[in-house]
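Written below as structure tokens is the structure these notes are about.
The values are calculated or read from the model by the stated rules, or taken from the named source; none is laboratory data. Because the structure is a prediction, the values reported are computed rather than measured. Note: ideal-geometry Cβ built from the backbone for every residue, glycine included; neighbour counts use all protein chains shown.
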Amino acid sequence: MTESRSLRWDGGPDEKMAPGQFLREINIKIEDKNYTTDAKKIDCFQNNLDYGGTADIWLDDLPAADKATWADLVAAFYIEWPRTAVVKASKAERIWALKEWELKLEELGKKTETLGGKEVWMHVKWADGIVAKAKDAEDTGGLLLQDVVNGLPMPIRDLICHQPRTTYRELADAIRAVDAVELKDGVSKYTKDEETACLVRVNAANASPTLAIRESLANTHLPPDHTQRSYAAQQPRAALADPFGNGGGRGTLFGPGRGNLFTIPRGVGTGALVSQRHRDLLHFAIIQQPDSETGRAAYQAQVVEWHRNNPGTTLDEQHHYPLTLGTAPLGSRECYDCGHPGHTQGAPPPVCLGQTLPEPEQTWRRIAGFIDREFKKENRAAAGVNYIGYQPQQYSYGNQYTYPYPYVGSSYPGEVGDMPGNGEGPSV
């Protein structure tokens, strides 16, 4: 067996390899070379130290009695570099690490070096890590699997589209099996297609019939003494008010500086639109699966079917997104990050596990919560007028209802703002 290359361990404060891991690597080399004498083991240890580095100087200065045998050297090593307990990441941090384990387009077709000096393709290294990170995140049911697949670069998604990937291990196996030559060809074709599409967009903009007018206006300058006429600010159309605009510091669905974005289109009255959207919210409801083995399989089928049937679709009351197993139903004043009630959004762990829901589900819960709140607000306003025989409407999001009100729904910017709330909350 040929001698593997030196680890070149320095042992200083900036060393990336932990001391205990370095000692384990030395023991592996000793076993591979079948060294049995203390002298050979100590030589192997010294030969893998960075020459003139912190550990190399430490070994030279070590008293002879502390390195007379391999056992003496190991004992002295742990005195100099004692074992330290590794801080275990929280579940929310491990879930975030899974989401952040990305394979980038510019990395495809390139090689990288592992800790042991072995060269592998970048997509192979990514596949080796995804299974371990999913296990650390305890995502045994594959709830985040579809998000991981959707985050892969398009060239590699095209090459594994016909391969089984219903589990993280199947996804990793499919990516490891990708041929590097085919992958490079796919990246090259994808890059050329993107460049062509960009060129077409630029040419289309340059060929615009208003180009000459825009260029003329851009080159027009008013004289310094020109007095411009002032106009009154344009009055906004009727809009649904921000439900948290004046209350309690619970945040807003609209985000900072956006104003009233929930503008009523096509002259429809506010109350009519809210009621109509709420009817659609009930009519197009889909069943939330139970938290069981059968439910997990059904949930995965729901997610796959939704993405297959709704490419590029905006989430709205006619296009519900499947809810994660074990989370609260819509309208439960639930946290939009983790899907559980009883705390406000952004609560620290372990009260809230952070953004554990798939991103489309977080967006959908915000939209549904907005419609629910506005509908309840309209009902309270109607009750305040003391209509004869008024009864609060009872409804459920877990069943199907039929209403003869066809309507093409769409989400509005205000419903998916930068600072969403999580439920209706008390009036203050």
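Values computed for the structure shown
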| quantity | calculated |
| --- | --- |
| Neighbours by Cβ (under 6 Å, 6+ apart or cross-chain): first from segment 171-196, over 17 Å from ASP128 (Cβ atoms); second of a type in the set (Gly, Ala, Ser) and surrounded by 12 or more Cβ atoms within 10 Å (Cβ to Cβ) | LYS184/GLY109; VAL187/GLY109 |
| Check on THR114, over 28 Å from TRP9 (Cβ atoms), free of Cβ contacts under 8 Å to residues at least 12 places away in the same chain and not aromatic (Phe, Trp, Tyr) | no |
| Residue tally, condition closer than 17 Å to ASP10 by Cα and assigned to a loop (DSSP other than H, G, I, E, B), over segment 52-75 | 3 |
| Qualifying positions in segment 142-192 - of a type in the set (A, V, I, L, M, F, W, C) and more than 16 Å from TRP126 (Cβ to Cβ) | LEU143, CYS161, VAL181 |
| Residue identified as under 45 Å from the mean Cα position of the chain (by Cα) and either modelled with pLDDT of 95 or more or in a helix (DSSP H, G or I) (or both) among LEU103, LEU98 | LEU98 |
| Options ARG94, ARG24, ARG83; residue that is touching a residue at least 60 places away in the same chain (Cβ under 8 Å) and charged (D, E, K, R) | ARG83 |
| Residue in segment 306-320 that is assigned to a helix (DSSP H, G or I), modelled with pLDDT of 85 or more and either over 25 Å from the mean Cα position of the chain (by Cα) or under 18 Å from LEU144 (Cβ atoms) (or both) present | yes |
| Restricting segment 122-168 to residues that are assigned to a loop (DSSP other than H, G, I, E, B), of a type outside the set (A, V, I, L, M, F, W, C) and without any contact (Cβ under 8 Å) to a residue 40 or more places away in the chain, the residue that is nearest to GLU194 (Cα to Cα) | HIS162 |
| Per-region count, segment 49-77, residues closer than 15 Å to GLY20 by Cβ and in contact (Cβ under 8 Å) with a residue 40 or more places away in the chain | 3 |
| Matching entry among TYR35, TYR78 (being at pLDDT 90 or above, of a type outside the set (D, E, K, R), farther than 30 Å from LEU144 by Cα and not in a helix (DSSP H, G or I)) | TYR35 |
| Which listed residue is under 21 Å from LYS99 (Cα atoms), modelled with pLDDT of 90 or more and not assigned by TED's automatic domain parsing to the domain that holds LEU98, from LEU323, LEU353 | LEU323 |
